[in-house]
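Worksheet for the structure shown next.
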Amino acid sequence: MNSKKAVKILIVFFLFFNFKLLQADEKIVYIDMNKIMTSSSVAKSVSIQLDKYNKDNTIKFKKNIDDLQAQEKKLISQKNILDENEFKKQYEEIKTNFSKHNKSIENFNKDFNNKTIKSRAFILEQLTPILSNYAKNNSTSLILNKKNVVIGKTDLDITDEIIIILNEKVKEIKLDNIK
């Protein structure tokens with residue numbers, strides 16, 4: 001009975017006074033993925049290209065809709081002059097062109113979203129080996145996304161270091177080259 005009591009006392013002594021031995025030596029850091037996806041050179045390059053692509057197409061769609069509306073207005077002004085069948089035929093053609101225009105916008109939106117998703121995936125693809133190397137070189141056990149961290153020391157945030165490395169490795173990408 002005495003030996004059991006001694007063992008218990010030794011275990012308690014070991015746990016409380018040598019707590020350092022029980023602490024994990026795991027290094028955990030976090031990164032702000034949103035900042036990487038907006039502040040890195042490659043992300044800025046993609047953003048500029050997407051904005052230009054969107055702006056160019058918006059201008060094209062605006063011109064097309066203006067042309068269609070002008071055709072419709074002209075046709076309506078000629079309603080009393082044109083034969084009823086000719087008027088209906090031209091009106092149906094304009095309606096068809098409006099439908100094609102709307103379909104073009106729909107296709108553009110799908111394409112734009114697809115390019116956005118693929119460009120983000122490409123950046124993540126480039127980021128994965130960088131994070132892996134960082135973890136290996138810095139004896140890091142776990143890298144968390146900042147949005148999943150409730151509270152943490154600011155010196156555990158490696159976002160700026162990762163952005164520097166990413167900027168050195170990948171300056172820009174061409175949207176047309178992403179598959």
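The values are calculated or read from the model by the stated rules, or taken from the named source; none is laboratory data. Predicted model, so just to flag it, every value in this text is computed and none were measured. For neighbour counting, all protein chains shown are included, and Cβ atoms are generated from backbone atoms with ideal geometry for every residue, glycine included.
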- prompt: Failed condition for VAL46, given (1) at pLDDT 90 or above; (2) of a type in the set (A, V, I, L, M); (3) out of contact with any Phe, Trp or Tyr (no Cβ under 9 Å at 6 or more places or on another chain), with all others met?
  reply: (3)
Selection from the range 40-70 of residues that are surrounded by fewer than 16 Cβ atoms within 10 Å (Cβ to Cβ), farther than 25 Å from ILE117 by Cα and in contact with a helix residue (DSSP H, G or I) (Cβ under 8 Å, 6 or more places away or on another chain): ILE65
task: Quick one: in the range 70-97, of everything that is in a helix (DSSP H, G or I) and touching a Phe, Trp or Tyr at 6+ places or on another chain (Cβ under 9 Å), which residue is modelled with the highest pLDDT?
output: GLU72
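Give the residues of the range 156-168 that are in a helix (DSSP H, G or I) and touching a residue at least 60 places away in the same chain (Cβ under 8 Å), sorted by residue number.
If the condition is that a residue be in a helix (DSSP H, G or I) and touching a residue at least 60 places away in the same chain (Cβ under 8 Å), then LEU156, THR159, ILE162, ILE163, LEU166, ASN167 are the ones that fit.
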field: Those residues of the range 124-155 which are more than 16 Å from the chain's Cα centre (by Cα), in a helix (DSSP H, G or I) and surrounded by 15 or more Cβ atoms within 10 Å (Cβ to Cβ), in sequence order
entry: ILE130, LEU131, TYR134, ALA135
- line: The condition of being within 11 Å of ILE31 (Cα to Cα) and touching a helix residue (DSSP H, G or I) at 6+ places or on another chain (Cβ under 9 Å) holds, among ASN167, ASN145, ASN133, only for ASN145
message: For the range 5-43, which positions are modelled with pLDDT of 80 or more and not in a helix (DSSP H, G or I)?
response: LYS27, ILE28, VAL29, TYR30, ILE31, ASP32, SER40
